[in-house]
Amino acid sequence: MNVDHRVIALIDMDCFYVQVEQRLQPEFLGKPCGVAQYYTWKGGGLIAVNYEARDFGVKRGMRGEQAKELCPDFHVFHVQEVNGKANLTRYRDASADVFRVLNANYKLVEKASIDEAYVDLTEDIQRLKESQLKLTIDDFPSTHLAGFTTKTNDERIEIVNKWLKDCELDDEKRNYDLVLGAYLVEKLRKKVKEETGFFCSAGIARNKILAKLCCGFNKPRKQTILTHSDIDHVFDNTPVQKIQGLGGKAGDRVMELFKVDNMGQLRKYSLDALQASLGESNGCWLYNLVRGIETTPVSSRNLYKSISASKNFPGKTSLDTTEKVRSWCQNLAEEVFNRLEKDRAENKRRAKLLTVTCTSATNETIARSCPINEYSIDRFANDAYRILKQFNKSPSTSNIYSPAITNLGIGAGKFLDSVNSRSIADLFSKQTNKSEQIISTENTINWQEEDEDEDNEQEETITEKPPSPPVISPVKGDFFRKFQKNDEQMKTPAKIETKPSSSSSITSFFSRYTTNENSCNSIPEQSDDRYITCTKCNKPILAWDMPEHEDFHYARELQKEENKNTFQPATIIKPTKPMKRKNEKQQNDNHTLDAFINKKSKNQ
Ligand code: DCP
C-alpha cells in the first residue's frame, strides 16, 4: 500500500484524569477541577487540569492552593494512595474502557499512552468509498482544518463546507479519503463518549506525526484535519520541539545545528546537508518529514512493553537505612506483582526480566536486571534488594544505606506469550540459569518531550507514557561532555549540498536498536538521559526499552534455534521530491477566513 495515501488518526482524551474523577463524582461535571498528586503539600501538585479551570489560568504543575487563588471554585481531586504511593489503577481501568471501544471498532489501534491511541483508518476508508456515501457539513460537527483560525462556529462551518465541496469537485479526489477519515473519527469519538462517558479530541492526517501535531490544534472535544497542501503553512508556524521525536534536547540540538526555530525553516536544507550533520538515516527522516512524509506504521500494540513502579524520595525522605530500602523494595514489588498478575490474566503473557533502577543522593543512576523465575512479591523484593545491596558503601554491620536513594524503581518486562511453544519455554529455562546481568548506564540526548509545566517539586511524576519509566533525575554534566566530545565531529550544516557523512554522532541519538540503520524509514525514538549499553550488541538503549530490545535479541536466538532465518529487511523509503500537485498553490498567504474564501473564489 502506498504509505502516502494512509489516513491516520490520533485520538487523545481531554484532561483525562479529571474526566475519570468526574465520572465517579458527576456532581463536579462542568466545574473547574484538577487532579493533584496524592502528596498534599499546598494542596498537592496538579497533574491534570480541566478546560473550565484552564480558562482561569490554572495550569498543570501548579499547587492546588495556587489554583484556588486563581479560581475560588476550583475543586481538587487527589490521586489514590496505597502503601504511601500513588495508585493509578482507576486511570488505567478507565483507559482500558476507552481501548475496548477503539479495538471493537478498528483493527489497527496502537496505544500511544494511557489516554492516546493511533488508529489507521486507511482500509476502512477504502470500504467506505465503495458505499458512495453522500456527506454534508452536518456529518462534521466538530471538525476543523489545520492552518485556519476560526473564531466562531459559523466561520468553521464556512471553511469546512468549502473544503468539502472542493474535495468533491477535485478530479483526482486527493483529499477525499481525509474527508471520509474525518467522518469516521466523528463517529468514533461519539461512540467513545456514549460508551465511556469521556470526551476526546483527534487529529487526522497522512501519518502519525502530523496526526499527533494537529490533534492539539483545537482541543477539547474537537478534531482537526491536516491536509498535504497545508503542511508548509502549518510547519512555518510550528516550533521544531512541537514535533514528536524532536522534543527536549534533541530538538534543541537540531535548532542549534541548523539555526532554525520552526519546521518550515528546515525546508531550505538539502538532503545531503541534513545527512551530513545527522547521519544518513536521520537526515533522510528529517528531510522527508519537513515535506510531510513519514512512514512509521500504526502497529496494533495495545499492551505496555513493561510494567513498573517507582517513587521519588527527595531531601530528608531519601532512603538512608537498609530497613527503608528493604521496605520500599517490598512496597514497589507488591505493586508490580499485582499489576503483573492482572496483566497475566488479561493478556496471557509473562514478564521475564526484572529491572531495578535507582538514583542516589550523589546523583548517580544505576539500572540492573535479573531474570524473573516466578511471580512472587518476596522474590521480586529480594532480588531488588540483593541488587541494591551491592551499591551500599556502608559497612555490612551498619544499618545505614549510603549513598541514600532518592529514586527507586522496579520494573518487569520482556514479556512472553504464555501460550507460546516449547522452544520458548526451553529458552526461558536457559535464561533463568544465567547469572544476573550487570549493565552500565550511559547518558545521552533527551528525546523525551519535557512538559514545560512540569513541577520540579512534584513528589512523583505519574505520567504513564508507555512503558512507564521510573523517574530518575538525569546525571548532570555527562550529557554536555558527550556533546563537547562530539561537537568536533558534527559539522554545522551548509545550505549548499555537501557529501553525506556517515559518522555523525547525533546519529546515535536518533537511532535505537533498529537493525536497518540505513533505512530512511527509521525514526528517532524518544529517550531520556539514561541509556543502558546492551551487553549483546553494545548499543545504547533506553533503560525501560531494554526488555523490548532484549526481546529482539531473544527472537533472533529463537529463530536461529528453529532454523527459521527469515528476517525481512525493512522497506527503504527514498526521499521524494516535494510533491507538486495540480492546482497546488503556495501556502504562504495568511490562512484567515478571507484568504481562504478569496483563494477558493479565484480558483473557481
Ligand atoms: N499526567 C501525569 N503527569 C504528567 C502529565 C500527565 O500524571 N506530567 C496524566 C494526567 C493526565 C493524563 O496523564 O490527565 C494524560 O496526559 P495528557 O498530557 O494527555 O493531558 P490531559 O489529558 O490531562 O489534558 P489534554 O486535554 O491537554 O490532553
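Miscellaneous remarks
- Scanning segment 274-310 for residues that are open to solvent by less than 20 Å² (accessible area, probe 1.4 Å), of a type in the set (A, V, I, L, M) and over 26 Å from Val234 (Cβ atoms) yields Ala276, Ile307, Ala309.
- From the options Lys222, Lys242, residue that is touching a Leu at 6+ places or on another chain (Cβ under 7 Å), open to solvent by 10 Å² or more (accessible area, probe 1.4 Å), within 16 Å of the ligand (Cβ to nearest atom) and modelled with pLDDT of 95 or more: Lys242
- Val76 away from the ligand (no atom under 12 Å from the Cβ), farther than 26 Å from Leu188 by Cα and buried (at least 18 other Cβ atoms within 10 Å of the Cβ): yes
- So Lys173, is it at positive phi and outside any helix (DSSP H, G or I): yes
- Members of segment 85-108 found to be open to solvent by 30 Å² or more (accessible area, probe 1.4 Å) and not hydroxyl-bearing (Ser, Thr, Tyr), listed by number: Asn87, Arg90, Arg92, Asp93, Ala96, Asp97, Arg100, Asn103, Ala104, Asn105, Lys107, Leu108
- Of all the criteria given as (1) open to solvent by 40 Å² or more (accessible area, probe 1.4 Å); (2) on the phi < 0 side of the Ramachandran plot, the one not satisfied by Ile125 is (1).
- Leu271 satisfies every condition listed in (1) surrounded by 18 or more Cβ atoms within 10 Å (Cβ to Cβ); (2) more than 30 Å from Asp236 (Cβ to Cβ) except (2).
- Scoring Tyr51 on the criteria (1) more than 12 Å from the ligand (Cβ to nearest atom); (2) of a type in the set (Phe, Trp, Tyr); (3) touching a Cys at 6+ places or on another chain (Cβ under 9 Å) leaves a single failure, condition (1).
- Qualifying residue in segment 248-255 (condition: under 18 Å from the mean Cα position of the chain (by Cα), at negative phi, of a type in the set (A, V, I, L, M) and surrounded by fewer than 22 Cβ atoms within 10 Å (Cβ to Cβ)): no
- Residue match in segment 193-206 (condition: of a type in the set (Val, Ile, Thr), touching a strand residue (DSSP E or B) at 6+ places or on another chain (Cβ under 6 Å), open to solvent by less than 10 Å² (accessible area, probe 1.4 Å) and under 16 Å from Arg6 (Cα atoms)): yes
- Among residues of segment 1-21 being within 12 Å of the ligand (Cβ to nearest atom) and assigned to a helix (DSSP H, G or I), the one that is farthest from the chain's Cα centre (by Cα) is Glu21.
- If you filter segment 57-73 down to residues that are more than 15 Å from the ligand (Cβ to nearest atom) and closer than 18 Å to Glu21 by Cβ, you find that the one that is most open to solvent (accessible area, probe 1.4 Å) is Asp73.
- The residues of segment 22-44 that are surrounded by fewer than 23 Cβ atoms within 10 Å (Cβ to Cβ), within 12 Å of the ligand (Cβ to nearest atom) and outside any loop (DSSP other than H, G, I, E, B) amount to a single one, Gln22.
The values are calculated or read from the model by the stated rules, or taken from the named source; none is laboratory data. In this text the structure is predicted, and so the values were computed from the model without any measurement. A quick note on method: Cβ atoms are made from the backbone with ideal geometry, for glycine too, and the neighbour counts reach across all protein chains shown. Surface accessibility is based on the protein's heavy atoms, side chains included, excluding ligands, DNA and RNA. Shrake-Rupley method; radii C 1.70, N 1.55, O 1.52, S 1.80 Å.
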